[in-house]
1. Answer with yes or no whether ILE214 is over 21 Å from ALA71 (Cα atoms), open to solvent by 40 Å² or more (accessible area, probe 1.4 Å), in contact with a Ser or Thr (Cβ under 8 Å, 6 or more places away or on another chain) and among the hydrophobic types (A, V, I, L, M, F, W, C).
2. Would you pick out the residues in the stretch 121-162 that are of a type in the set (Lys, Arg) and under 18 Å from PHE86 (Cβ atoms)?
3. Could you list, in sequence order, all residues of the stretch 86-130 that are in a loop (DSSP other than H, G, I, E, B) and among the aliphatic types (A, V, I, L, M)?
4. Within the stretch 195-206, identify whether any single residue is in a loop (DSSP other than H, G, I, E, B), on the phi > 0 side of the Ramachandran plot, modelled with pLDDT of 65 or more and open to solvent by 50 Å² or more (accessible area, probe 1.4 Å), and answer yes or no.
5. Test of understanding: among GLY100, GLY116, GLY146, which residue is in contact with an Asp or Glu (Cβ under 8 Å, 6 or more places away or on another chain), open to solvent by less than 10 Å² (accessible area, probe 1.4 Å) and more than 25 Å from TYR10 (Cα to Cα)?
6. Give the number of residues within the stretch 164-185 that are modelled with pLDDT of 95 or more and surrounded by fewer than 15 Cβ atoms within 10 Å (Cβ to Cβ).
7. Exactly one of these conditions fails for ALA71: (1) under 15 Å from the mean Cα position of the chain (by Cα); (2) farther than 23 Å from MET201 by Cα; (3) among the aliphatic types (A, V, I, L, M). Give me its number.
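The values are calculated or read from the model by the stated rules, or taken from the named source; none is laboratory data. From a predicted model like this one, the values you see are computed outputs, not experimental measurements. Here the Cβ positions follow ideal geometry from the backbone for every residue, glycine too, while neighbour counts run over all protein chains shown. Each accessible area value is taken on the protein alone, full model and side chains, heavy atoms only, with ligands, DNA and RNA left out. Shrake-Rupley method; radii C 1.70, N 1.55, O 1.52, S 1.80 Å.
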Amino acid sequence: MKVSIITATYNSEATIEGCIKSVLSQDYPNIEYIIIDGASSDHTLSIINSYKQQYTNIVLVSESDKGIYDALNKGIKAATGDVVGFLHSDDFFNSTCTIGNIVATFSEGATDGVYGNLDYVSSKDTNKIVRHWQSQPFSKSLLNRGWMPAHPTVFLKKEVYTKHGLFNTEFKIAADYDMMLRIFCDKTLQFKYLPEVITKMRVGGASNRSLKNIITKSMEDYRALKFNKLSFPIWSLVLKNCSKIPQFFKKP
């Protein structure tokens, strides 16, 4: 099973090397690593190219884009793997066997997607867990209660994207939530929960960088809930936001 991992970058010189090393250190051999760079003006490209010269499984595209979701869409289109996942430029995998464990979970039976847990870590000390996103086995009823899997931990068969399309770039912050609703509402698909931390994410993402972004995110979440025909979008949104509170107190 070939796994395509997609990273979108833009002026990511501070963290991109750790992200790349996280992918290259995986003990699973059949990985295609696609890096979509938004024409960075710092040292991001020189760092990427230093690794690309050594590893033939790295695919690099560097050109201007319309934001992160546009970049991720380019990555999906370029992916040739059986399974597609994402690793943002300031994130890294929890262990060297993460991808191998994901593939093993796919191999257990008919599965269209695998997801797991997520740790938010301090940008200054990545050993310090700030917030732990503990997921759970999937049930569609959870979507109405504001639940979703942590998008950075979700790995899907390429054919799922062929069926459901790309990220909706009309969403500036919540296109990942819209995508998760679109896919996890599909009753014909089967998902498996891998009960381990898949990804470690540095705090300070676009959705919680400012009060304005938090408001924008909530408005877009509501649009996504309505667009995907969830039964009680306002209630789902309230529960979604409230569900984040325990994540600051739960530690793995």
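1. Numbers: over 21 Å from ALA71 (Cα atoms): yes; open to solvent by 40 Å² or more (accessible area, probe 1.4 Å): yes; in contact with a Ser or Thr (Cβ under 8 Å, 6 or more places away or on another chain): yes; among the hydrophobic types (A, V, I, L, M, F, W, C): yes.
Yes: the conditions hold for ILE214.
2. Of everything in the stretch 121-162, those that are of a type in the set (Lys, Arg) and under 18 Å from PHE86 (Cβ atoms) turn out to be LYS157, LYS158.
3. Taking the stretch 86-130 as the starting set, the residues that turn out to be in a loop (DSSP other than H, G, I, E, B) are 87-90, 94-97, 107-112, 122-128.
Passing the criteria: LEU87, ALA110.
4. no
5. Step by step, each of GLY100, GLY116, GLY146 is checked, and only GLY116 is in contact with an Asp or Glu (Cβ under 8 Å, 6 or more places away or on another chain), open to solvent by less than 10 Å² (accessible area, probe 1.4 Å) and more than 25 Å from TYR10 (Cα to Cα).
6. Residues meeting the conditions: 2.
7. That leaves (2) as the condition not met.
Yes/no matrix, rows are residues, columns are (1) crowded, with 17+ Cβ neighbours inside 10 Å; (2) touching a residue at least 24 places away in the same chain (Cβ under 8 Å):
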{"residue": "TYR10", "(1), (2)": "yes, yes"}
{"residue": "THR15", "(1), (2)": "yes, yes"}
{"residue": "ILE31", "(1), (2)": "yes, yes"}
{"residue": "ILE35", "(1), (2)": "yes, yes"}
{"residue": "SER41", "(1), (2)": "no, yes"}
{"residue": "ASN49", "(1), (2)": "no, no"}
{"residue": "LEU60", "(1), (2)": "no, yes"}
